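The values are calculated or read from the model by the stated rules, or taken from the named source; none is laboratory data. What you see is a predicted model; the values in this text were computed from it and never measured. Cβ placement follows ideal geometry from the backbone for every residue including glycine, while neighbour counts extend to all protein chains displayed.
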Amino acid sequence: MTTMNALGFIGLGVMGEAMCRNLAKKSGLRVVAFDVRQAPLAALAADGVERGASVADVAARTDSVFMCLPGEPQVRHVALGDGGLAGAVRAGQTVVDCSTAPVPLARELARVFGERGVAFADAPVARTAQAAKDGTLSIMVGGDADVFARIRPLLACMGSEVTHCGAAGAGQTVKLMNNMVVAQTVVALAEACAVARASGAVDPRVLFETLAKGSADSFVLRNHGMKSLVPDHHPTEGAFPTTYIIKDLTYAIGLAEASGVALEQAATTRRLMERTAEAGYAKHYYTAVMRVIEGR
């Protein structure tokens with residue numbers, strides 16, 4: 001097993017900045033990061049994270065490189081574009097993609113990096129921005145077993161649940177199904193909340209508190225439901241926006257269609273989210289779908 005002396009991190013958004021910080025604090029290794037924005041790099045400097053001049057510079061100075069990017073266009077650019085990782089990595093390195101991206105892209109990256117003697121794993125993350133700060137993310141990993149064994153201690157710096165799901169692409173598959181189920185549950189809860197409000201028969205908070213005591217209880221109810229739907233609070237900062245859930249649903253539906261499966265409920269959920277974005281809530285936490293359901 002290759003001894004790691006330095007880690008790279010590319011993509012310092014709401015999740016990535018917190019993940020990079022935990023990696024720097026807990027791994028005991030030097031961390032070099034890059035982002036097109038200067039603010040997160042300046043913030044991470046206080047935690048000992050070194051500033052990379054470019055994607056290629058991060059690759060040149062580290063042994064393993066983590067990516068945490070918004071979606072397929074950004075992952076393709078960083079991994080395969082001009083000045084990207086594919087042209088800068090060297091044999092023996094490892095690339096770990098913590099972004100949420102299409103399954104075919106994960107398999108393509110595994111092939112491209114593998115041809116260069118570089119190990120690859122897709123390791124998308126689930127749970128909230130607060131979980132990213134606390135280091136309690138759930139991380140779903142696709143890749144060879146030996147690669148998983150090597151990177152697991154590093155992923156454990158960022159997550160409390162680290163699961164090997166299978167070969168390259170398996171991590172992305174689990175993440176997309178996770179987000180699809182969560183989005184559909186949010187819509188179901190939003191409809192229940194809307195009925196409670198419109199009918200006046202029960203206070204929405206009482207409804208959800210009671211559901212939490214029965215068979216309808218779920219993480220989504222206790223978090224998305226109680227913290228966003230009931231108070232009608234759908235922030236634009238530090239939350240998963242409507243545009244992102246549309247992206248993830250599109251990836252999930254694309255995977256299903258390529259596999260010969262029709263996802264009718266997922267398609268309906270995506271249409272509702274698209275209407276939410278069109279109504280002016282594209283950058284809001286996607287629980288804003290409730291306002292479309294209520295006709296606001």
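Given ARG61, ARG76, ARG37, ARG51, which one is at pLDDT 95 or above, basic (Lys, Arg) and closer than 21 Å to LYS175 by Cβ?
Checking each option against the conditions leaves just ARG76.
Quick check on ALA91: is it over 29 Å from ALA239 (Cβ atoms), surrounded by 18 or more Cβ atoms within 10 Å (Cβ to Cβ) and out of contact with any helix residue (DSSP H, G or I) (no Cβ under 7 Å at 6 or more places or on another chain)?
Against the criterion (over 29 Å from ALA239 (Cβ atoms), surrounded by 18 or more Cβ atoms within 10 Å (Cβ to Cβ) and out of contact with any helix residue (DSSP H, G or I) (no Cβ under 7 Å at 6 or more places or on another chain)), ALA91 does not qualify.
Restricting attention to the range 136-146, which residues are surrounded by fewer than 20 Cβ atoms within 10 Å (Cβ to Cβ) and over 14 Å from the mean Cα position of the chain (by Cα)?
ASP144, ALA145, ASP146
With the range 1-81 as the region, which helices (runs of 4 or more DSSP H) entirely inside it contain at least 3 residues that are closer than 18 Å to PHE113 by Cα?
55-61, 72-80
Being without any contact (Cβ under 8 Å) to a residue 24 or more places away in the chain, farther than 23 Å from ALA132 by Cα and crowded, with 17+ Cβ neighbours inside 10 Å is true for just one of ALA262, ALA279, ALA212, ALA256. Which residue is that?
Only one candidate qualifies: ALA256.
Could you check ASP97 against (1) over 14 Å from the mean Cα position of the chain (by Cα); (2) free of Cβ contacts under 8 Å to residues at least 40 places away in the same chain; (3) within 23 Å of ARG61 (Cβ to Cβ) and say which number it fails?
All conditions pass for ASP97, except number (1).
With respect to ALA126, is the statement that it is in contact (Cβ under 8 Å) with a residue 12 or more places away in the chain, under 13 Å from the mean Cα position of the chain (by Cα) and surrounded by fewer than 22 Cβ atoms within 10 Å (Cβ to Cβ) true?
Criteria met by ALA126.
Could you count how many residues in the range 121-168 are basic (Lys, Arg), at pLDDT 95 or above and closer than 20 Å to PRO70 by Cβ?
Qualifying residue count for the region: 1.
I'd like to know if the range 230-245 contains one or more residues that are surrounded by 13 or more Cβ atoms within 10 Å (Cβ to Cβ), in contact with a Leu (Cβ under 9 Å, 6 or more places away or on another chain), at pLDDT 95 or above and not in a loop (DSSP other than H, G, I, E, B).
no
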